[in-house]
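See below for the structure under consideration.
The values are calculated or read from the model by the stated rules, or taken from the named source; none is laboratory data. If you're wondering where the values come from, they're calculated on a predicted model, not measured in any experiment. Here the Cβ positions follow ideal geometry from the backbone for every residue, glycine too, while neighbour counts run over all protein chains shown.
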Protein chains: 2
Amino acid sequence: MATKKMFLGEEFLPTRWYNLNADFPTPMPPPLHPGTGQPPGPEDFAPIFPMNLVEQEMTPDRWVDIPEEVLDIYRIWRPTPLYRADRLERALGAPVKIFFKNEGVSPAGSHKPNTAVAQAYYNKAFGVKRLVTETGAGQWGSALSFACQLFELECKVFMVRVSFEQKPYRRSMMATWGASCMPSPTDTTEAGRKILAADPDSPGSLGIAISEAVEEAVARDDARYSLGSVLNHVMLHQTVIGLEAKKQMEALGETPDVVVGCAGGGSNFAGLAFPFVADKVAGQQIQVIAAEPASCPTLTRGPYAYDFGDTNQTTPLLPMYTLGHDFVPAPIHAGGLRYHGMSPMVSHSVKTGLVEAQSYDQIRAFEAGVLFARTEGFISAPETCHAIAAVVQVARQAKEEGKERTILFNWSGHGLVDMAAYDAYLSGKLAPYQLPEEEIQRALAAIESLPKLG
Amino acid sequence: MATKKMFLGEEFLPTRWYNLNADFPTPMPPPLHPGTGQPPGPEDFAPIFPMNLVEQEMTPDRWVDIPEEVLDIYRIWRPTPLYRADRLERALGAPVKIFFKNEGVSPAGSHKPNTAVAQAYYNKAFGVKRLVTETGAGQWGSALSFACQLFELECKVFMVRVSFEQKPYRRSMMATWGASCMPSPTDTTEAGRKILAADPDSPGSLGIAISEAVEEAVARDDARYSLGSVLNHVMLHQTVIGLEAKKQMEALGETPDVVVGCAGGGSNFAGLAFPFVADKVAGQQIQVIAAEPASCPTLTRGPYAYDFGDTNQTTPLLPMYTLGHDFVPAPIHAGGLRYHGMSPMVSHSVKTGLVEAQSYDQIRAFEAGVLFARTEGFISAPETCHAIAAVVQVARQAKEEGKERTILFNWSGHGLVDMAAYDAYLSGKLAPYQLPEEEIQRALAAIESLPKLG
């Protein structure tokens with residue numbers, strides 16, 4: 001039997017990130033300043049992000065060198081192993097080869113540190129002393145806490161109160177890495193106080209937490225804000241996943257026909273997929289699938305439009321698939337997929353036909369996740385289960401059609417800090433959930449007055 | 001900068017387990033049948049364990065081939081990476097090199113699957129349909145659930161009730177892998193009913209859970225009992241850790257002066273250390289340290305004596321360091337180290353001077369664990385923190401003495417399912433705890449009437 005796992009050497013670790021913006025057949029529409037209606041300049045971002053990251057956000061360069069200081073920390077867990085899921089293949093009985101990239105081996109247990117480490121490095125290099133961010137379920141907050149600790153930056157995390165109370169383990173991880181984590185809304189910011197005045201028992205929301213984090217970041221010269229998904233520079237940093245996977249697949253003599261990732265804000269999906277999307281742009285036959293939850297079907301049900309990145313309308317207008325910045329997704333267990341919008345780069349890839357989107361109910365996602373745990377052993381994050389559901393569907397279709405397929409998917413993180421979700425599924429407490437049509441229409445009303453996109 | 005992490009290939013995966021029993025300079029005393037006072041024969045173990053494992057328990061052979069079916073599952077996560085902890089070295093400022101073996105990459109997050117997979121295989125090969133075990137904190141129960149799922153065996157776990165209620169994540173992991181887990185005491189066994197009759201609210205104990213598991217296992221012809229530590233065959237299976245580490249260290253051109261593991265029942269310690277203890281027997285200078293908790297100081301405070309493996313006196317008498325089978329350790333957070341006895345093989349190694357034992361208060365253990373998380377990134381299991389505390393002490397001593405040292409330790413598992421322990425430590429809720437002398441004396445009274453050992 002061949003080696004199942006590809007624990008590979010230093011030579012598979014990329015030394016450059018890949019920027020799909022250099023290869024889009026038609027360029028992405030720019031973001032817009034909501035006041036002027038014009039594309040914002042670097043100076044508009046200066047109070048929020050350090051200038052070196054703003055440059056990366058806007059760069060047209062195809063390749064960006066990874067600083068040695070970042071590589072040195074990547075080496076803690078990178079290159080990540082590429083696995084052949086042969087037990088899952090046998091269970092499905094389909095004419096497919098299934099490979100997955102295990103991003104769960106990072107200290108924080110997901111792909112998030114790929115950009116957290118880069119962002120901490122660039123902020124440190126720019127002279128920033130303190131990073132402020134928000135987190136929902138806690139995967140991003142814990143990744144940034146880890147990264148800040150290694151670069152000796154202070155880290156402050158506003159965590160949506162309901163998650164703060166329900167997910168004490170994530171909170172303890174942040175504390176272990178020396179970060180300060182507060183349940184949002186707090187009485188330490190104007191945005192928080194406003195909410196608490198209206199509702200002292202507010203459970204919080206990602207939108208409120210973002211507002212608090214940005215307010216605290218811009219209030220201090222030595223502090224900046226950090227975002228774990230959506231933006232171009234985040235997609236850029238995550239491409240280490242796909243670049244590594246490509247080299248590993250090549251070393252195996254394999255080429256994927258289908259590339260799959262789950263998509264909330266888009267970062268783990270883009271990280272694996274964009275280097276393969278580049279091959280598609282160059283003419284290669286390859287199906288690229290973004291799997292999203294049926295409860296927050298941004299790519300499959302939202303319009304492609306200009307919208308704010310946050311509920312409080314403080315960000316530039318981003319060209320993206322969106323359900324409207326007022327949209328509040330149902331409290332499904334895949335917290336990382338509960339975002340009203342989508343990375344503009346991922347959105348443009350879908351709009352131009354390079355990527356296709358599919359949505360999966362959480363019941364189907366956990367069904368696939370349990371099948372994976374019972375064949376491959378590893379317990380997947382609820383987000384990742386959506387990618388596995390897509391893989392299962394591709395395999396079943398291949399079986400029906402009698403067509404051979406080589407599938408590669410991003411196993412974006414383990415679920416060991418999310419076991420309550422499995423408990424709910426296994427005890428029959430999870431119900432299928434389709435977003436009602438009228439709820440989509442109501443949410444979309446919020447963006448009616450904003451500039452339109454083709 | 002050199003590669004920090006040794007993600008190595010198939011050639012580092014051992015194909016044989018190593019049996020230190022073949023190399024002890026003086027042979028281990030045998031176990032004794034409590035009724036006859038004679039060593040038990042294989043037939044005495046037959047209702048409890050399958051005969052192929054009983055043979056391994058008693059074998060004098062130096063090497064035992066690892067079956068291909070077991071290797072095939074080991075490949076899911078083995079070889080495990082060997083890391084150089086250079087950030088920890090810099091933080092300690094001592095003239096030491098520190099290497100660690102990362103056993104946390106297994107699906108269950110610890111070293112436990114090394115023997116769980118082997119035991120599931122041998123039981124399956126023997127025709128067993130169902131394995132029964134007990135678990136305290138849940139690390140062993142989840143590892144056996146995982147292994148049984150891959151070999152299509154039924155798995156039933158009696159989990160100490162207080163842990164069942166406090167550690168829902170471990171319970172959910174077992175359910176995800178298809179095992180049935182019940183809070184012990186239950187009303188499904190005689191042993192359980194006896195306890196419940198006396199105390200309907202009994203929080204349970206490992207001793208009670210073992211009695212329930214053995215009772216259920218022996219009641220059915222197609223069922224057997226499985227134990228995750230202490231026994232010779234468990235130590236044997238765990239030696240994959242040390243055999244791999246030796247080859248990896250050799251590939252780096254390094255030889256450890258000091259080898260460290262934490263010790264509860266002894267399995268992760270023996271797994272890393274025994275292949276190096278063999279070198280010590282052959283004349284090599286090497287310090288081997290078993291780190292145990294001050295709250296359950298079996299090796300450092302217990303006598304070397306014959307004692308039962310369980311509270312209810314159902315096992316053979318084992319020659320070991322013990323605090324007496326009545327001893328109930330304080331509810332410290334390192335649940336895996338709360339055992340009154342110690343593997344007879346580890347005990348014999350200590351008795352004959354091949355291994356030295358040191359005990360650490362849990363405060364010092366978590367202090368070391370937090371230092372590790374803040375330098376190396378990974379969050380350690382509370383048990384593993386005790387090994388890190390020993391490493392820190394060796395490094396500080398090396399600094400004082402100005403002596404260079406190469407240290408290798410077993411990072412036996414991650415702590416992501418044990419974050420409540422970090423929370424307690426970081427919020428100042430953990431107190432230092434030394435076991436009172438009178439409590440040791442009281443516990444030892446239970447073994448006064450048992451056969452003595454030199």
Given the conditions (1) more than 14 Å from every other protein chain (Cβ to nearest Cβ); (2) among the charged types (D, E, K, R); (3) under 27 Å from residue B:166 (Cβ atoms), report the number of the one that residue B:396 does not fulfil. (3)
Identity of the residue in the range B:128-167, part of a loop (DSSP other than H, G, I, E, B) and under 23 Å from residue A:168 (Cα atoms), that ends up farthest from the other protein chains (Cβ to nearest Cβ): B:136
From the option list B:90, B:84, B:75, single residue qualifying as farther than 17 Å from residue B:243 by Cβ, surrounded by 16 or more Cβ atoms within 10 Å (Cβ to Cβ) and within 14 Å of chain A (Cβ to nearest Cβ) is B:84
Inspect all residues belonging to the range A:399-420 and state whether any of them is over 30 Å from residue A:249 (Cα atoms) and among the basic types (Lys, Arg). no
Looking only at the range B:399-454, filter to residues that are crowded, with 23+ Cβ neighbours inside 10 Å and of a type in the set (Val, Ile, Thr); which one of those is modelled with the highest pLDDT? B:407
How about the range B:360-392: which of its residues are buried (at least 24 other Cβ atoms within 10 Å of the Cβ) and more than 19 Å from residue B:83 (Cβ to Cβ)? B:360, B:362, B:365, B:366, B:382
Would you confirm whether or not the range B:183-192 contains a residue that is more than 14 Å from every other protein chain (Cβ to nearest Cβ), out of contact with any strand residue (DSSP E or B) (no Cβ under 7 Å at 6 or more places or on another chain) and touching a residue at least 60 places away in the same chain (Cβ under 8 Å)? yes
Of all the residues that make up the range B:63-119, how many are among the basic types (Lys, Arg) and under 28 Å from residue A:380 (Cβ atoms)? 4
Considering the range B:303-328 alone, what residues qualify as being within 17 Å of residue B:433 (Cα to Cα) and crowded, with 24+ Cβ neighbours inside 10 Å? B:323, B:327
Would you say residue A:383 is away from chain B (no Cβ under 14 Å) and either under 15 Å from the mean Cα position of the chain (by Cα) or of a type in the set (A, V, I, L, M, F, W, C) (or both)? yes
All conditions in (1) out of contact with any His (no Cβ under 7 Å at 6 or more places or on another chain); (2) assigned to a helix (DSSP H, G or I) are true of residue A:330 except (2)
